[in-house]
Every structure is written in C-alpha cells, then in structure tokens.
Amino acid sequence: MSEGRIYNFSAGPAVLPEEVLREAADEMMNYRGCGMSVMEMSHRSKMFEDIINEAEQDLRDLMGIPDNYKVLFLQGGASQQFAAIPMNLMKNGVADYIVTGQWAKKAYQEACKYGKANKIASSEDKTFSYIPDCSDLPISEDADYVYICENNTIYGTKFKELPNTKGKILVSDVSSCFLSEPIDVTKYGIVYGGVQKNIGPAGMVISIIREDLITDDVLPGTPTMLKFKTQADADSLYNTPNCYCIYMCGKVFKWIKKMGGLQAMKEHNEKKAKILYDFLDSSKMFRGTVEKKDRSLMNVPFVIGDDELEKKFIAESKAAGLENLKGHRTVGGMRASIYNAMPIEGVEALVAFMKKFEEENS
Ligand SMILES: *Cc1c(COP(=O)(O)O)cnc(C)c1O
C-alpha cells in the first residue's frame, strides 16, 4: 500500500485498485502523447472512441455478454434506472418486484408511478436480514418483468439463486456485486448497476440490455434521454457521456482481466469474506446480522449491540487506518464493504483489529 493510504471499507463510492489510480495519475497531464488529459478531450474524438470501445469490449469479454445484448454507459446512476426500466418495459403496465432492501424498495416505489407494480415478496418483516424463498412466487400473468436487487448493499444479503420468474423477463440491479463473480447474462433481460461500488468513480450506470427490449414502444412522455433506444442507437454517445468515468471503468476492466477474470475474482472475494465471517461466527462480542445462507461477499454488516462500544469501535478503527466502517444510518452498527479492490491484507487488518478490540473491551 502507498504511503498515507488507508483501508477504505466504504459502501460507495468505494476503494479502487491502487494500480489503476497510479496509472490514471501518470496519464493525467498527457494521455498517451495527445497533449491533454482524458477530461479535456472531445467525446467525438478518435482517442475517446477507442477508450469507450475498448472498455465495452473488455466488459463483454469479462462477463461473456452475448451479441444480442447492448451495453450502455449512462448517467444518472443506478437510481435513474428505477424510472427508466418501467418507462421502457411496461408494455402491459404491470411489473412484479421482490423487495429485499432499500434499493429494491426505492425501485418499487418509483415503478408505482408508471404502472401497476406488485410487491410479490419482501423480507422487510425481519429488517431485510434474509432473502425470501423465490422458487414459487405468485408471478402476475401479465407482468412485463420481475425485478430484483441481487446484492443488498445496506443489509448485506445476496440472492444465491435467481428467482423463478416463470418465464417472465428478469431485471436485476447488481450495483454492489457487479463483476464480483461470473454470471450468466442470458438469464436476464436487463442487468445493470451503478459503477461506484465495485468498478469506478460515481456518476454512471452500466446497463446491459437484451436487444428485443430496446424499442420505440415506451410509455408516453418518456424523456428522450431515458429511452433505451436513444442511447443504444447512439452507442451511449447521444449526448456528452461521463467520459472520465468510462475511462476509469475501462482501466478497472483491464485490471480484472489481469487478475484472472471473474472466476479469479470470485475466489479472491470468497477468501476475503470467509476471513471476516469466520471471525464473526467465533467472536463473543461481534456478530453478523444476516442469515448465513444469504450472506453477501461484498457487504458485511455486523454489530456489538452496545451503542457506546460501537461508537468507540468506529473511532478507534478509524485511528488505526480502517475507515468508513460505520453502518448505514438505517441499520446502525458497523458495515465492512470488501469489494474487488479491497486487498486480503485489508480484511486481515480489520479482523486483527477486531480481535484486539474484543480483548481490550471484554
Ligand atoms: C448504491 C446503490 C444504488 C444507487 O446508486 P446511485 O448510482 O447512487 O443511483 C442502487 N442500487 C444499489 C444496489 C446500490 O448499492
């Protein structure tokens, strides 16, 4: 780790690979001999065209995205998609939502503005600490799609198995598990995520959409910018995109490729998460807050169950160079986000600190 850097457990914007940051720094003043930074160049230039095309190709290689899916680099973050999805997909005006946390709930509430959104399952009864059984849900006959948030950033749960949508299109928000492990893109109609959790800087969402879902048949009043077809026809360059973010994401894709791709990422993430979960399961002071079978590899909430000790833990861990461990304001306690770019040493340092804290305070 470079001098002065800390271990950053933020849920997002989050840690990025140091190597990527260093490379971006090297290219800041003069990108590959063109005499300017990527921030200063035209999004219509050949130089930028190469950046965006290469980023898309690398993402396609990593995820094995089939040719009949478009990859869109869009602004407005993941939250903008909460509206764009119903606007583009609600042909019958009906969609089914599985509500497993705040982000799914927000998406559901937004969809309610545009049609009949049905909450067909929820885990709110136990503060979203588990994933409901989704093997035989009452899927609506005329549902245009079934919606999930695959990894629940705030609560730390993850769908280990996709829901049985009974033939309906599956739409998934993968913001906080994007590129953390291999997925089968063909199982989804749309798979999308904000990039600031596991891929790049804030301000962009990558939406991977099956081509037949990109049509002119959208809800009346859909803004031009929110129509998938506008963005797909213009290859994400309908207006000025988030150029620098696309460039940074491209670098992270190359870094993941170099690390061995998504299977290697999965193994790396499993190893890291195991260190932390094993400790939580053995500790007398700390405990995880979600059902074991549904534990996320990326976001790990845990508690002590004593406000004063938790405050002390957060203050002392920060002083020890372990930052952003405070839990989400709606949950309290602590949360360690251990995305792709969090090195194993970071998780080891956290667990060593927790052990020491437990010894000193019990
Ligand atoms: C962070 C997050 C969002 C919101 O992302 P924005 O880019 O801020 O709109 C949506 N869904 C999930 C799962 C998230 O973790």
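The values are calculated or read from the model by the stated rules, or taken from the named source; none is laboratory data. Remember, it's a predicted structure, so these values are computed and weren't measured experimentally. When we count neighbours, we look across all protein chains shown, and the Cβ atoms used for this are built from the backbone with ideal geometry, even at glycine. The accessibility values were calculated without ligands, DNA or RNA, using every heavy atom of the protein model including side chains. Shrake-Rupley method; radii C 1.70, N 1.55, O 1.52, S 1.80 Å.
The table that follows gives values for the structure above.
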quantity: Semi-axis lengths (Å, descending) of the ellipsoid that matches the C-alpha gyration tensor of segment 90-217; calculated: 21, 19, 14
quantity: Within the chain, helix-based [θ] at 222 nm, where runs of 4 or more DSSP H residues each add -39,500 (n - 2.57), nearest 500; calculated: -11000 deg cm²/dmol
quantity: Computed over the chain: relative contact order in percent, which uses C-alpha pairs under 8 Å that are six or more apart; calculated: 23 percent
quantity: For segment 115-129, 3J(HN,Hα) per residue [Karplus equation, 6.51 cos²θ - 1.76 cosθ + 1.60, θ = phi - 60°, Hz, x = Gly/Pro]; calculated: x, 8, 9, 9, 8, 8, 7, 7, 10, 5, 4, 10, 6, 6, 8
quantity: Mean Cβ count within 10 Å, highest first, over the residues of peptides 220-226, 104-110; calculated: 104-110, 220-226
quantity: Tensor-based shape of the chain (alpha-carbon gyration tensor, a/c under 1.5 rounded, otherwise prolate or oblate); calculated: oblate
quantity: Using a Förster distance of 25 Å, the FRET efficiency for Lys318-Ala352 (Cβ separation, nearest 0.05); calculated: 0.95
quantity: Highest-first arrangement of 82-95, 161-174, where packing means the average Cβ count within 10 Å; calculated: 82-95, 161-174
quantity: Spin-label pair Thr215/Ile344, simplified geometry with 7 Å Cα→Cβ offset, distance in nm; calculated: 5.0 nm
quantity: Gain on full stretching of the segment that runs from Lys293 to Asp278 - 0.36 nm per residue minus C-alpha separation; calculated: 4.0 nm
quantity: Cα gyration tensor shape for segment 42-128, rounded if a/c is under 1.5, else prolate or oblate; calculated: prolate
quantity: Using θ = phi - 60° and Karplus 6.51 cos²θ - 1.76 cosθ + 1.60, couplings along segment 193-202 (whole Hz; Gly, Pro as x); calculated: x, x, 8, 6, 8, 10, 10, x, x, 6
quantity: Label-point gap, in nm, between Lys160 and Thr186 - each point 7 angstrom along Cα→Cβ; calculated: 2.5 nm
quantity: Potential lengthening between Asp306 and Arg5 on full extension [0.36 nm per residue; Cα-Cα distance subtracted]; calculated: 105.4 nm
quantity: Cα-based shape type of segment 90-155, given that a ≥ b ≥ c are square roots of the gyration tensor eigenvalues and the cut on a/c is 1.5; calculated: oblate
quantity: Extension gain (nm, one decimal) between Glu359 and Lys91, 0.36 nm per residue minus Cα-Cα; calculated: 90.6 nm
quantity: Model label zone, Ser42; criterion: amide N under 20 Å from point 7 Å along Cα-to-beta-carbon; scope segment 207-247; calculated: 234-247
quantity: Placed amide H near Ser37: partners under 5 Å, 5+ positions off or other chain; calculated: Tyr31
quantity: Of Ser236, Val191, Ala83, farthest towards positive along the dipole that unit charges on Lys, Arg, Asp, Glu beta carbons give the chain; calculated: Ala83
quantity: Accessible area in square angstrom per residue, segment 13-165, 1.4 angstrom probe; calculated: 44 Å²
quantity: Carbon and sulfur %, accessible surface of the chain computed with the full protein complex present, 1.4 Å; calculated: 49 percent
quantity: Whole-number accessible area per residue in Å² for segment 204-297, which is evaluated in the context of all protein chains at 1.4 Å; calculated: 45 Å²
